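First up is the structure itself, then whatever we jot down about it.
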Amino acid sequence: MVAICAIALGASLVVAALNLRYGIKERLARELRSYGANLVLVPRTEPFLKESDLVILEDKRLKDRIIGYAPFIHKVAKVDGKDVVLVGARFSQLSKISQWWQIEGRWPEKENEALIGTNAASKLGLRLGDRFSAVHKISQLSLSVTGLLHTGGAEEHQVLVRLETLQRLTLLDGFLTSVLVSSPAGKELEETVAILQKAWPQAEARTLLQVARAEEAILARLEIFLTLVSLLILTAAGLSVYATMSTAALERKVEMALMRALGGEERRVAWIFASEALGMGLIGGILGCAAGLLLSEIIGLSVFGSFIFPSLLSLPIGLALGVGISLFCSLWVVRRILALQPAVVLRGE
Amino acid sequence: MEPLILLEELTKNYDGKVLALNRVSLQIYAGEWVAVMGASGSGKSTLLNMIAALDRPTSGSVRVDGEDVLSLSEEERARFRREKVGLIFQQFYLIPYLIALENVMLAQYFHSMADAREAAEALRRVGLGERMGHYPSELSGGEQQRVCIARAMINQPKIILADEPTGNLDAENEERVMEIFRQLHKAGHTLLFVTHDPQIGTQADKIIKLEHGRVLPTFPAKALRSI
């Protein structure tokens, strides 16, 4: 029973470590995506991109590779006689790829509402709830401030309004100046760029190198760290199972000697103990795999707030650890005991 | 008549320090009941282990039922033990997680094929017909030793070797066990006992006395009984 528990514990730790190794990397890659886009699509030759072409990003080849995207239109307008960059965006999409933005107030919901970067607000002397007018050429737009934006980036100098509002003001209905795209980092990002270039030839896909490289570095270090932790757990669990199984086998050395004294051949006696070890390894391994999966899901849920997709590789490795070490330890000890004359063991030496 | 057991110049030296047997020679014939007696450390159990092929001597020869035991490989020694020898131990050595019946069947399993009916019959013969479903921990010392006797007898060996078979038993159980041995002897079995108890030893046909690994002059037990 103790041996089965040791095998189950060892296998569960290994399965949990392997699951987390794969799961955490994938989850973290997705988590990092919430800290901003890593790709930008800009017009290749024409001054604008067509809004209707956004359906390309919904294509099934790209859908799985894109975590989120946000179309933009940028135009300089006058507010209170001062030049300000007006940005038209779909706020529902923007909020998904800009989860780290801090907003004092709320996101705009209506057509005449705006989100103002803190620097722009200070330059224009605007506060939360204030109303102001934006002028572009002969068009004018009346807006109210629903939120002040802190990003630490260029957005703090801009005024963000709904995409359709700015398109109407600038008479650019159905046109975009850029699209920010968030895609998983690493090799996948390069593949996504290649697919995008083919699928949307009018757009040029540029990697935001600073973001992409930083992510790659973080993920690479994380992978090394998790691999080392998994190996450490694998070794510790292996040693623990080995110690328990060896002790269990040693405790039964009198039984082995008795079986030989009764005329049992070495290989027949070894087979009895090996099949027992195999059974224990299987039961312990299966229990350990189940417990390991559960453990990794509990950790995933408490750390990331969502389940981790189980790594298929972790189950055979966990089971192999249980069966392999159990069988190895048992046979190793059995062979050592069987090498002794039965009388020596029965004498208690 | 050729002896069933023939030992010549048998010597066993443990690590070059302890001389357990010193050039022991003796002959035991089929159907004899022989008691090997002597003080603790005189080499009695070592002698028994050599005859049972449970240990290897330093020098000398052991012939049992015409077979040179020392020339046998480990596999052949296992075959020799299961076919020719029935072993009874002072500590019983029953497998704790097997019931009495299964403990007897274990010897059958290594010999040929486990047969529950035959094993049950062997237990009935030693008076354990009602106790065969019990685990060793549920049996008294005397009952455990009778299971051990049934296990030793189940494959009908030519020789029964017993190491202090009554050493852990009270007087009542000792008598029950000895009665079984008397019956086995009457039935023609060859018995070789190791004991330090003169009362047990004198029930044998012949007593072999060991002292510091050497055999003292052998004499019939009758002579000792008459003193």
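Descriptive notes on the structure:
- Against the list (1) within 14 Å of chain A (Cβ to nearest Cβ); (2) over 26 Å from B:Ile200 (Cα atoms); (3) part of a loop (DSSP other than H, G, I, E, B); (4) not aliphatic (A, V, I, L, M), the condition B:Gly133 fails is (1).
- Of the residues making up region A:262-275, just one is within 11 Å of chain B (Cβ to nearest Cβ) and farther than 25 Å from B:Ala150 by Cα, namely A:Arg267.
- Matching entry among A:Arg21, A:Arg30 (being modelled with pLDDT under 80, assigned to a helix (DSSP H, G or I) and out of contact with any helix residue (DSSP H, G or I) (no Cβ under 6 Å at 6 or more places or on another chain)): A:Arg30
Quick grid of which residues meet (1) in contact with a helix residue (DSSP H, G or I) (Cβ under 6 Å, 6 or more places away or on another chain); (2) of a type outside the set (A, V, I, L, M); (3) buried (at least 18 other Cβ atoms within 10 Å of the Cβ):
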{"position": "B:Asn155", "(1), (2), (3)": "yes, yes, yes"}
{"position": "B:Leu161", "(1), (2), (3)": "yes, no, yes"}
{"position": "B:Glu164", "(1), (2), (3)": "no, yes, yes"}
{"position": "B:Leu169", "(1), (2), (3)": "yes, no, yes"}
{"position": "B:Arg182", "(1), (2), (3)": "no, yes, no"}
{"position": "B:Thr190", "(1), (2), (3)": "no, yes, yes"}
{"position": "B:Thr195", "(1), (2), (3)": "yes, yes, yes"}
{"position": "B:Ile200", "(1), (2), (3)": "no, no, yes"}
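- Of the set (1) within 21 Å of B:Leu192 (Cα to Cα); (2) within 14 Å of chain A (Cβ to nearest Cβ), all apply to B:Ser61 but (2).
- Hey, A:Glu297 acidic (Asp, Glu) and within 14 Å of chain B (Cβ to nearest Cβ) or not: no
- Residues (among the small types (Gly, Ala, Ser) and assigned to a loop (DSSP other than H, G, I, E, B)) located in region A:292-349: A:Gly305, A:Ser306, A:Ser311, A:Ala339, A:Gly348
- Residue satisfying all of: in region B:80-121; in contact with a His (Cβ under 9 Å, 6 or more places away or on another chain) and closer than 19 Å to B:Ala162 by Cβ; nearest to the other protein chains (Cβ to nearest Cβ) among these: B:Arg82
- Test: B:Phe92 is in a helix (DSSP H, G or I) and crowded, with 18+ Cβ neighbours inside 10 Å: no
- Residues of region A:156-177 that turn out to be surrounded by fewer than 21 Cβ atoms within 10 Å (Cβ to Cβ) and either aliphatic (A, V, I, L, M) or free of Cβ contacts under 8 Å to residues at least 40 places away in the same chain (or both), as a count: 5
- Scan of region A:56-76 for residues that are farther than 21 Å from A:Glu190 by Cα and surrounded by fewer than 17 Cβ atoms within 10 Å (Cβ to Cβ), ordered by number: A:His74, A:Val76
- Applying the set (1) within 30 Å of B:Gly86 (Cα to Cα); (2) of a type in the set (A, V, I, L, M); (3) away from chain B (no Cβ under 14 Å) to A:Met256 leaves exactly one unmet item: (3).
- Only one of the numbered conditions (1) more than 17 Å from B:Ile160 (Cβ to Cβ); (2) more than 14 Å from chain A (Cβ to nearest Cβ); (3) assigned to a strand (DSSP E or B); (4) not charged (D, E, K, R) is violated by B:Ser42, and that is (3).
The values are calculated or read from the model by the stated rules, or taken from the named source; none is laboratory data. From a predicted model like this one, the values you see are computed outputs, not experimental measurements. Using ideal geometry, Cβ is built from the backbone for each residue, glycine included, and neighbour counts are taken over all protein chains shown.
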